[in-house]
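To start, the structure under review is shown below, and the notes come after it.
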Amino acid sequence: MVKTYAEALQFIHGRDRFKKKPTLDRMRQFMHILGDPQEKLNMIHVAGTNGKGSTVAFLRDMFMAEGQTVGTFTSPFITRFNERISTDGQPISDTDLVAMVNRIQPVVARLDKELAEEGPTEFEIDTALMFCYFASHPVDIVVVEVGLGGLYDSTNIITPAVSVITTIGMDHMKILGDTIPKIATQKAGIMKPGVPVVCGRLTPDALAVMDQTASENQTDVRALGRDFTVKNQPESGWGERFAYTWADHRWQHLEIDLLGQYQIDNAATALTAFITYHQARHLPLEIADIREGLKHTAWPGRFERLNDEPLIAIDGAHNEPAMVEMAQLLRQHFAQQDITIILAVLADKQYDQMVKTLLQVRNVHIIVTQFQGPGKRAAATPQALEGAVAASKRVTMADNWPSALKTALNNISGDSLILLTGSLYFISEVRQYFTDSEK
């Protein structure tokens, strides 16, 4: 039995992250012993390479705008573990987290004994905590983000009202496969018979996998760019504005406070899922609620401003597809400003290609550095990026990110942007630093 919050976190983070053989059998057994709490929940399931967190946030805020109570399950956290299990944006309390850990701990011990070295993983425990919490603290709907992949993700024991797949890109290739169709097959694994599917902006080969898998599950796909569309309606200032069209839904000048074409895509994907959910439940739609929910959506660490003068922002872009989107955002919104990017990434990422992509933006200078790194996952050292540094005069190195930030602040002009990016874990560390500095 754990008595403190620290002991609860020690129990959670002390588990293995992966097992040799992917399976959902262990998770189903785990939940069955706990009384299958997931069976009591009304859910939307969100998978994808990038954009999952923002899509969850847009869905949460649209449901909240119409008066629903909304549970969310997201990963990773930005500041504290509790953020992963939230109600109407408010994280689970330390007391409730300790109580949930004490509820599942005896079951984990039992499975450890019965399954030898194949007991529950860290993420399976996270997922179990979420199911148990929302079953005992009821909400109207839970928006559940997939942890990794989809097919064998521990969240994939649910039958949601709507399945959402945001994007498909090259990430986690050692686990999910080394081609877009292979990765798409893993993501498409969240589809369930008869459950409608909403997809974001996918390549033709990824969408073909989605359509085929949907057909096998006797359902259909609503895809961005094919079935529903968006049109950017640029305006000055922070945020984006766009037109949305799907069937007889045609709305102009929808506004979001997040930057980037990809955030417009995420908002449109979330909106289509929101409409689909209401159609399936025969619920009325109010455009005023949709506008309010989209406009007020905030998601920490997604091109988030930490300081105005000078402008300092953080973004959790952590793979090559996200850096392509980032480069587009920088060209669109900051073409006339000097940009210094402080880049720190995990060692298992395509960091050389990430650097090359960012350097395609002509007014970018990059300082590669490092951060602590989460648990057993190492951050890439600046020395590992020496090849990228040697290849361009616009790339330099710093031993750690605080010294990189100091260098950037000393060298910027008045109208400049400093962007810290490369890993959600990295920006979590940066965000905590800035938060502590304000106290």
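The values are calculated or read from the model by the stated rules, or taken from the named source; none is laboratory data. The model shown is predicted, which means the values in this text are computed figures rather than measured ones. Quick reminder, even Gly has a Cβ in these numbers, built from the backbone with ideal geometry, and neighbours come from all protein chains shown. Side chains included, ligands, DNA and RNA excluded: accessible areas come from the protein's heavy atoms. Shrake-Rupley method; radii C 1.70, N 1.55, O 1.52, S 1.80 Å.
Of all beta bridges DSSP finds with both residues in the chain, what is the antiparallel percent, to the nearest 5?
Details: 20 of 58 bridges.
In the chain, approximately 35 percent of DSSP beta bridges are antiparallel ones.
Could you tell me what percent of the accessible area of the chain is made up of carbon and sulfur, with a 1.4 Å probe and every protein chain present? Let's see the in-between values first.
Details: 9240 of 18640 Å².
The computed percentage sits at 50.
Checking the a/c ratio against 1.5 first, then a/b against b/c, what shape does the Cα gyration tensor give for the chain? Write out the running numbers ahead of the final one.
Details: a/c = 1.57, a/b = 1.19, b/c = 1.32.
Oblate is the answer for the chain, as a/c is 1.5 or above yet b/c matches or exceeds a/b.
Summing Lys, Arg as +1 and Asp, Glu as -1, what charge do residues with Cβ under 12 Å from the Cβ of Asn82 carry, Asn82 excluded?
On the way: positive: Arg80, Arg84; negative: Glu83, Asp94, Asp96, Asp126.
Local net charge: -2.
Aspartates and glutamates near Lys40 by alpha-carbon distance under 13 Å, same-chain residues fewer than 8 away left out - which ones?
Asp140
Measuring from centroid to centroid over Cα atoms, what is the spacing of region 203-239 and region 112-150 in Å?
That distance is 29 Å.
Divide by every residue of the chain the summed helix terms, -39500 (n - 2.57) for each DSSP H run of at least 4, and state the resulting mean residue ellipticity at 222 nm, rounded to the nearest 500 deg cm²/dmol. Working shown, then result.
On the way: 15 runs with 178 residues, N = 439.
The helix-only estimate for the chain comes to -12500 deg cm²/dmol at 222 nm.
Multiplying the sequence separation of Arg17 and Asp220 by 0.36 nm and subtracting their Cα-Cα distance, what value in nm do you get? Let's see the in-between values first.
Working: separation 203, 0.36 × 203 = 73.08 nm, distance 3.35 nm.
Additional length available on full extension: 69.7 nm.
At most 15 other Cβ atoms within 10 Å and a DSSP loop assignment: could you name the GluC sites (Glu not before Pro) in region 242-292 that fit?
Details: sites: Glu255, Glu286, Glu292; in loops: Glu286.
Counting only loop positions with at most 15 other Cβ atoms within 10 Å, the GluC sites (Glu not before Pro) in region 242-292 are Glu286.
Determine, for each peptide in 128-135, 76-83, 102-109, the mean count of other beta carbons within 10 angstrom over its residues, then list the peptides with the highest first.
Values: 128-135: 23.9, 76-83: 18.0, 102-109: 16.0.
Taking the mean over residues of other Cβ atoms within 10 Å, the ranking is 128-135, 76-83, 102-109.
How far apart, in nm, are two points set 7 Å out from the Cα along the Cα-to-Cβ line at Ser403 and at Thr435?
2.7
Projecting each Cα onto the charge dipole of the chain (Lys/Arg +1, Asp/Glu -1 at the beta carbon, about the Cα centre), which of Ala47, Val2, Ile175 comes out farthest on the positive side?
In the chain, that residue is Ile175.
May I ask for the distance between the Cα centers of region 27-41 and region 253-329, given as a whole number of Å?
Each part's Cα centre sits 32 Å from the other's.
Once you keep just the Cα pairs under 8 angstrom separated by 6 or more residues, what percentage relative contact order results for region 119-217? Spell out each step's value before the answer.
Numbers: 105 pairs, mean separation 25.3, N = 99.
It comes to 26 percent, rounded to a whole number.
For region 336-365, which trypsin sites (Lys or Arg not before Pro) pass both filters: DSSP loop (anything but H, G, I, E, B) and at most 11 other C-beta atoms within 10 Å? Numbers along the way, then the final one.
Values: sites: Lys349, Lys356, Arg362; in loops: Lys349, Arg362.
Answer by residue number: Arg362.
What spacing in nm lies between the two simple spin-label points modelled at Ser136 and Gln261, each 7 Å away from Cα in the Cβ direction?
Taking the two extended label points, one gets 4.8 nm.
Remind me, relative contact order of the chain in percent, using alpha carbon pairs under 8 angstrom and six or more residues apart? Mind showing how you got there, number by number?
Values: 844 pairs, mean separation 66.8, N = 439.
Contact order relative to length: 15 percent.
Can you order the peptides 422-433, 58-69 by their average number of other Cβ atoms within 10 Å per residue, highest first? The partial results should precede the final answer.
On the way: 422-433: 22.6, 58-69: 21.0.
Averaged packing, sorted descending, gives the order 422-433, 58-69.
Please calculate how many Å² of accessible area the chain carries per residue, with a 1.4 Å probe and no DNA, RNA or ligand atoms counted.
Working: 18640 Å² over 439 residues.
Accessible surface, normalised per residue, equals 42 Å².
Got a sec? Which residues in region 350-367 would a label at Gln332 touch, if it sits 7 Å along Cα→Cβ and we count backbone N under 20 Å?
From region 350-367, the list is 357-364.
Just check region 1-118 against the gyration tensor rule for me: Cα atoms, a ≥ b ≥ c as the square roots of the eigenvalues, rounded for a/c under 1.5, and otherwise prolate or oblate depending on whether a/b exceeds b/c.
prolate
Which of Lys19/Lys113; Lys356/Lys393; Lys231/Lys295; Lys52/Lys231; Lys182/Lys356 have a Cα-Cα distance over 19 Å?
Working: Lys19/Lys113 16 Å; Lys356/Lys393 12 Å; Lys231/Lys295 17 Å; Lys52/Lys231 21 Å; Lys182/Lys356 25 Å.
Flagged as over cut-off: Lys52/Lys231; Lys182/Lys356.
Please compute the contact order of region 146-193 in relative form: average sequence separation of alpha-carbon pairs under 8 Å and at least six residues apart, divided by the residue count, as a percent.
Values: 47 pairs, mean separation 21.6, N = 48.
Relative contact order here is 45 percent.
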